[in-house]
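See structure below.
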Amino acid sequence: MTTPPAPPPVDVVLPCLNEAEALPWVLARIPPGWRALVVDNGSTDGSADIARALGAHVVDEPRRGFGAACHAGLAAATADIVCFCDCDASLDPSLLIPFVRQVRSGEADLVLGRRRPEGRSAWPAHARAGNLALARLLRRRTGLRLHDLGPLRAARRESLLALGLTDRRSGYPLQMVVRAADAGWRIAEHDVPYLPRTGASKVTGTWLGTWQAVRDMSRVLAEPTPSLPAAPGGTPR
């Protein structure tokens, strides 16, 4: 009999839609021993084949949507701690190392990256304005004084699954934070450099895309508070 391989210490979920040009840069920066889960969301540029050739585990998610891709990666993960990172070379996944350390030590239950743009082209003005407006609405809804709802984040897999996330569009990252706050999670935020992305943005690269994302997230903020399990190591709320 052979012993099944041990699960990786960390899984990094990388939602991917036509990111062939950025994938080599992103995957080269996955910390040693961690596993990259590239969730192919209907790419037509060979992204999935490139990811496999570079050693990533590829998850196919034909249903379009940022949340659909993120949740498919979460469902496919086996590591105790799961991270999320964009796959467009705007964020360096090696920056997740202190995030994971903080979750593993019990200092925080969810760690988020506050994007600090490196150059004017890294974060268009309309996308930044939409993010700021949502952060203010989030503060009013939850009391959290966060500055960003960025995609770089880390938490424990079982705890994330227990949140029962349902959004499969642009509201997924916000729903994660809202439900974590409602469940009493300790949420931390750290500054991270935000680079100009490789290729065209599918979400906030245009006014229309930003408007769609804000609409999706506003719908999340209007949801009633569900009954949630206890915070990791805490008490039910």
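None of the figures in this text is laboratory data; all of them are computed from the coordinates on show. No experiment lies behind these values; they were computed from the predicted model shown. Cβ sites come from the backbone with ideal geometry, for glycine too, and all protein chains shown count toward neighbours.
Taking 0.36 nm per residue of sequence separation and removing the Cα-Cα distance, the Leu54/Arg104 pair yields an extension gain of 15.2 nm.
When restricted to Cα atoms, region 10-221 yields an Rg and a Dmax of 15.6, 46 Å, respectively.
So what's the net charge close to Cys83: Lys and Arg +1, Asp and Glu -1, counting the other residues with Cβ under 13 Å from its Cβ? Once positives and negatives cancel, what remains is +3.
Which shape class applies to region 7-71: rounded if a/c is under 1.5, otherwise prolate when a/b exceeds b/c and oblate if not, where a ≥ b ≥ c are the square roots of the Cα gyration tensor eigenvalues? Taking the square roots of the gyration eigenvalues as a ≥ b ≥ c, region 7-71 is oblate. Computed extension gain for Arg219 through Arg116, at 0.36 nm per residue and net of the alpha carbon distance, reaches 34.4 nm.
With an a/c value of 1.5 or above and a/b not larger than b/c for the gyration tensor axes a ≥ b ≥ c computed over the alpha-carbon atoms, region 1-136 is described as oblate. Long-range amide H contacts for Val39: which residues qualify at under 5 Å (H placed 1.01 Å from N, peptide plane, sequence gap of 5 or more or a different chain)? Amide H neighbours of Val39, under 5 Å, 5+ apart: Leu14, Cys16, Val59. Charged neighbours of Leu144, selected by a Cβ distance under 13 Å, balance to +4 (K, R count +1; D, E count -1).
Do you know the relative contact order of region 136-195, to the nearest whole percent, from alpha carbon pairs under 8 angstrom that are 6+ apart?
Working: 23 pairs, mean separation 19.9, N = 60.
Relative contact order, region 136-195: 33 percent.
Proximity of backbone amide H atoms, modeled 1.01 Å from N, is registered between Asp45 and Asn18 at under 5 Å, excluding neighbours fewer than 5 places apart on the same chain.
The alpha carbon gyration tensor of region 80-187 gives principal lengths a ≥ b ≥ c with a/c of 1.5 or higher and a/b no greater than b/c, which makes the shape oblate. A cut-off under 11 angstrom between Cβ atoms defines the neighbours of Pro93, and their net charge, with Lys, Arg +1 and Asp, Glu -1, is -1.
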